[in-house]
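Before any comments, here is the structure.
The values are calculated or read from the model by the stated rules, or taken from the named source; none is laboratory data. Note that this is a predicted model, so its numbers are computed, not measured. Cβ sites come from the backbone with ideal geometry, for glycine too, and all protein chains shown count toward neighbours.
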Amino acid sequence: MSIRKMMLSAAAGVAVLALSGVVAQAADYTFKVAHGASTKHPLHQYVEMYKKLVEKKTGGKVEIKIFGDRKLGGDKDVLLGVRAGTIDGGLVSSVLFALIVKKSSFDALQLPFVVTNYDNLSKMLLSPTAGKMLATLDDVGIKGLGFGEAGQRHFLSRLGPVTTLAQFKGLKTRIVPVPLHKAIWSETGANPVGIAYGEVYTTMETKGIDAVEFNASSILSENLYKPAKHLSLTGHYFWPLVMIHNKAKFDKLPKDIQKAMIDAGREATEMHVAYVKADEVKVLETLKKKGVKVYEFKELDAMRKKMAPIIAKWVKRDPLIDEYVKAAGKLEAGN
């Protein structure tokens, strides 16, 4: 074939591809978005939902590249990276915001038994109060766009069933090392031990801890069902995560792109909570098939009463915590 014919053939091929929509235009903006969990974990789906919504709403002008499996570090690394601008965006556990960037209002999302079902959680994460929480991040160089959800937390023990308050006593229980969680689990009588997420399996396997308070999906994705077989359905609180971007970079974007990303963050919140609600049912069945024994916790009312002083103490720390607890209370009461 002559060079001229080859060039004509190649040009024709490009034309056909262009007409079929296969040749895509390069994005105007590309963002690295990270999280510290396994890509097998349901929270990864929030970032996938967010990615698809942003790319669709911007007509392909924005491309989101996802880095899961702790490739850019754990939650703390991602939070600090986004704040510094070395990472464009991330999905980070809400519990870290009070500790790392001193935004105490986010503790409201982890107060025990304030929200007890997924439907009310979805409403609260889309509420004006939650929006105010996100806005508090502006002055620390972070743009908050929405919330993901890792799943309702339960209690997994390697030693045996825990179905009463007395059975918490003395159990070395892994917690995220923050003041709120230490207060909660100390109040139950357990012995809380702060351990990083990525070290939980090894510590449990080597019997460095007796138990962990975790969502069912993490028990499955982190293989914790292998060293521990007793899961009590306490449902003590949920585990919201915050979708964040570096604010300096976000503020430089055109207004229509900013709006698309804000809208995507909120839409993904509602979609993801519904996804995790359905997924938990499936995960619990999978865990049972893998030999995990699942128990109802017999003293939930008594446990709630023990948590009341902690809630009363925390609502005094930030007006938004008080606002969140009151709004959630109305929802839970059916108002």
Members of region 306-328 found to be in contact with a helix residue (DSSP H, G or I) (Cβ under 8 Å, 6 or more places away or on another chain), acidic (D, E) and in a helix (DSSP H, G or I), listed by number: E323
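Do we have V276 as surrounded by 16 or more Cβ atoms within 10 Å (Cβ to Cβ), among the β-branched types (V, I, T) and closer than 30 Å to K226 by Cα here?
Values: surrounded by 16 or more Cβ atoms within 10 Å (Cβ to Cβ): yes; among the β-branched types (V, I, T): yes; closer than 30 Å to K226 by Cα: yes.
Here the answer is yes, as V276 does meet what is asked.
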Qualifying residue in region 279-294 (condition: surrounded by 15 or more Cβ atoms within 10 Å (Cβ to Cβ), over 24 Å from the mean Cα position of the chain (by Cα), at pLDDT 95 or above and part of a strand (DSSP E or B)): no
Residue ID - farthest from Q152 (Cα to Cα), chosen from residues in region 165-190 that are at pLDDT below 95 and aliphatic (A, V, I, L, M): V178
Members of region 270-298 that are without any contact (Cβ under 8 Å) to a residue 24 or more places away in the chain and either farther than 21 Å from L121 by Cβ or aromatic (F, W, Y) (or both): E285, K288, K289
Matching residues, region 299-335, being free of Cβ contacts under 8 Å to residues at least 24 places away in the same chain and either on the phi > 0 side of the Ramachandran plot or in contact with a Pro (Cβ under 6 Å, 6 or more places away or on another chain) (or both): G334
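Keeping to region 1-51, report how many residues are at pLDDT below 50, among the polar types (S, T, N, Q) and under 30 Å from K249 (Cβ atoms).
The total comes to 0.
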Single residue of V193, V162 found to be at pLDDT 95 or above, crowded, with 23+ Cβ neighbours inside 10 Å and either outside the structural domain of M271 (by TED's automatic domain parsing) or out of contact with any Phe, Trp or Tyr (no Cβ under 9 Å at 6 or more places or on another chain) (or both): V162
Conditions (1) in a helix (DSSP H, G or I); (2) crowded, with 23+ Cβ neighbours inside 10 Å; (3) over 19 Å from the mean Cα position of the chain (by Cα); (4) of a type in the set (S, T, Y); number of the one not met by S218: (3)
Test result for T188, touching a Pro at 6+ places or on another chain (Cβ under 7 Å), more than 23 Å from I244 (Cβ to Cβ), of a type in the set (S, T, Y) and surrounded by 22 or more Cβ atoms within 10 Å (Cβ to Cβ): no
Counted residues, region 77-98 - those being of a type outside the set (A, V, I, L, M) and surrounded by fewer than 23 Cβ atoms within 10 Å (Cβ to Cβ): 6
